[in-house]
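Data first, discussion second: the structure below is written as structure tokens.
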């Protein structure tokens, strides 16, 4: 959540192939629904601030905080998403296990900016999950 609240409107791009959001230097293709929601947020930003960023002060935050020049607090966004039925921690853990099942830990570490030991731990969890699944599947055949 800490990284998400710091996203700015210039991280979001559209082209003929789809909509992308860039994390660090890597653009990620978005599914249509999140892309549409981000388009709406950029067109009509939801903010509690009465002030707007000064012209020329750079791109606006995608999730502005109470002061226009500051991002929203991560915990507030996480709480709101949880109230909407979107548990961020469970989604994060599921995504990391899925990614580390497909990529070597060193690539995951570089790509997501996590320590290599953390990436190795996620990889072990992913391998354990697949091993258990495959063993259970073989036993039912």
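If we keep just the residues of the stretch 98-112 that are surrounded by fewer than 18 Cβ atoms within 10 Å (Cβ to Cβ) and within 14 Å of residue 26 (Cα to Cα), which is modelled with the lowest pLDDT? Only one residue fits best here, namely 111.
Residues that are at pLDDT below 80, exposed (fewer than 12 other Cβ atoms within 10 Å of the Cβ) and closer than 19 Å to residue 6 by Cα do not occur anywhere in the stretch 72-95. Among the residues of the stretch 40-54, some residue qualifies, meaning at least one is modelled with pLDDT of 85 or more, under 27 Å from residue 14 (Cβ atoms), within 21 Å of the chain's Cα centre (by Cα) and surrounded by 12 or more Cβ atoms within 10 Å (Cβ to Cβ).
Restricting the stretch 75-97 to residues that are in contact (Cβ under 8 Å) with a residue 40 or more places away in the chain and within 23 Å of residue 27 (Cβ to Cβ) leaves a set whose member that is farthest from the chain's Cα centre (by Cα) is 77.
Listed here are the residues, each with its yes/no results for (1) under 11 Å from the mean Cα position of the chain (by Cα); (2) not in a helix (DSSP H, G or I).
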site: 4; (1), (2): yes, no
site: 13; (1), (2): no, yes
site: 28; (1), (2): yes, yes
site: 37; (1), (2): no, no
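The values are calculated or read from the model by the stated rules, or taken from the named source; none is laboratory data. Since we're looking at a predicted model, the values are computed, not measured. A quick note on method: Cβ atoms are made from the backbone with ideal geometry, for glycine too, and the neighbour counts reach across all protein chains shown.
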